[in-house]
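Let me give you the structure first, and then I'll get to my questions.
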Amino acid sequence: MEKTLSNIIQDQTNRALWELKNIIDCIPKELWQKNYCGMPLYKHIYHTLHSLDLWFINPNDKNYTEPFLHIPNLNNLDIVTDRKISNEEILVYYFSIKKKITKYTSNLTDSKLYEIPQNCKYNKFNLIIAQFRHLHTHMGMIMGWIIESTGNWPAVLGLEKPIPADDNYEKFC
């Protein structure tokens, strides 16, 4: 049976979110505050999460509320900020985004992919695909830093590997 485009997006989003969580879990503590491209690793992760949170559904949503840990420019990789973020705070933020995006994708239909959210110039499909591109650019950079530091490659799912049901799995390939 052929899946609908919205079902494919839902599946691929779940896979991407799982891989992002695995990458976060694979970061050694000594890298958390290490600078890459002039910014601490945690800020690269926050930037990636914040973009998913804001842009996946509607970057111009008048009801959007910045996350609990946000300060101005924390999501900007060109501006140094004083706010330090713990791994625990990142995980709380990650799970809130996962819940929000999972709910959103579970209600998508193929016809809804053509809809343009209020006050936005892009349709839902374009926003989702743009976030996949952005997400995997940053995940690739973070994976590279992890691999360079540990010599291990964080596990990925590919197109067919089942998503582990719990945290009892090998985090590296």
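When you look at W153, is it in contact with a strand residue (DSSP E or B) (Cβ under 9 Å, 6 or more places away or on another chain), loosely packed, with under 14 Cβ neighbours inside 10 Å and closer than 27 Å to N75 by Cα, yes or no? Lay out the reasoning, then the answer.
On the way: in contact with a strand residue (DSSP E or B) (Cβ under 9 Å, 6 or more places away or on another chain): yes; loosely packed, with under 14 Cβ neighbours inside 10 Å: yes; closer than 27 Å to N75 by Cα: yes.
Taking the combined requirement at face value, the residue satisfies it.
Still on this structure: Can you tell me which residue among K21, K3 is free of Cβ contacts under 8 Å to residues at least 40 places away in the same chain and either assigned to a helix (DSSP H, G or I) or not polar (S, T, N, Q) (or both)? Explain how you work it out, then say what you get.
Details: K21 fails: free of Cβ contacts under 8 Å to residues at least 40 places away in the same chain.
Of the residues listed, the single one that is free of Cβ contacts under 8 Å to residues at least 40 places away in the same chain and either assigned to a helix (DSSP H, G or I) or not polar (S, T, N, Q) (or both) is K3.
Evaluate region 7-20: report whether one residue or more is surrounded by fewer than 16 Cβ atoms within 10 Å (Cβ to Cβ), polar (S, T, N, Q) and under 17 Å from R133 (Cα atoms).
yes
Does any residue of region 55-64 turn out to be of a type outside the set (G, A, S), touching a Lys or Arg at 6+ places or on another chain (Cβ under 8 Å) and either closer than 23 Å to Y169 by Cβ or not in a loop (DSSP other than H, G, I, E, B) (or both)?
Of all residues in region 55-64, those of a type outside the set (G, A, S) come to 55-64.
Next, only the ones that are touching a Lys or Arg at 6+ places or on another chain (Cβ under 8 Å) stay: 57.
If we keep only those that are either closer than 23 Å to Y169 by Cβ or not in a loop (DSSP other than H, G, I, E, B) (or both) as well, we get none.
Scanning region 55-64 turns up no residue that is of a type outside the set (G, A, S), touching a Lys or Arg at 6+ places or on another chain (Cβ under 8 Å) and either closer than 23 Å to Y169 by Cβ or not in a loop (DSSP other than H, G, I, E, B) (or both).
Within region 54-72, is even one residue polar (S, T, N, Q), within 15 Å of K99 (Cα to Cα) and out of contact with any Asp or Glu (no Cβ under 8 Å at 6 or more places or on another chain)?
no
Any idea which of (1) closer than 18 Å to N14 by Cβ; (2) out of contact with any helix residue (DSSP H, G or I) (no Cβ under 6 Å at 6 or more places or on another chain); (3) surrounded by fewer than 13 Cβ atoms within 10 Å (Cβ to Cβ) is the one S96 doesn't satisfy?
That leaves (3) as the condition not met.
Every number here is computed from the coordinates shown, using simple stated rules; none is lab data. Not measured: the values here are computed from a predicted model. Neighbour counts are summed over all protein chains in view; Cβ atoms, including those assigned to glycine, are modelled from backbone coordinates with ideal geometry.
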